[in-house]
Amino acid sequence: MTSGTPHAERKYRTATAFQRRLNPVLRRLPLQTVLETTGRVSGLPRRTPVGGRRVGDSFWLVSEFGERSQYIRNIKADPRVRVRIRGRWHTGTAHLLPDDDPAARLRLLPRLNSAAVRAFGSQLLTVRVELDG
């Protein structure tokens, strides 16, 4: 699945190369928000640093590469996830919301992450995680 334009493809390749180096460091930081999915092929836990915000019993985030993101592909195979928020793990069910306006959603989420998603993203997709109890 490609994004359709050479510019978007360059953005994707640049961002993913950068994330491959940065994400292993970020996910170890105790207060970094992390989304844990189950690998669709391996069945192993896959942890991805994310930016987002808890609102009541939901956690909201926007994927910068939509269905091209590995964690989105994992969610499609198994929507049961865990989210580490402020150092505490929460279980929940992720829902992909293609009809939501991701640009408007980003205005409600943390500014620094939202700016990075807008700058590097090309196929934005809103995700809501319904947190268990």
Quiz prompt | Loop-resident sites, region 67-133, for chymotrypsin sites (Phe, Trp or Tyr not before Pro), counting at most 11 other Cβ within 10 Å (DSSP) | solution = none
Quiz prompt | Probe 1.4 Å - accessible area at ASP99, Å² to nearest ten | solution = 150 Å²
Practice problem: Filter the trypsin sites (Lys or Arg not before Pro) in region 87-125 down to the DSSP loop ones having no more than 11 other Cβ atoms within 10 Å, then list what survives. | Solution: ARG107
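The values are calculated or read from the model by the stated rules, or taken from the named source; none is laboratory data. Just so we're clear, the structure is a prediction, and the values are computed from it rather than from any experiment. Virtual Cβ from ideal backbone geometry, glycine too; neighbours counted across all protein chains shown. Side chains included, ligands, DNA and RNA excluded: accessible areas come from the protein's heavy atoms. Shrake-Rupley method; radii C 1.70, N 1.55, O 1.52, S 1.80 Å.
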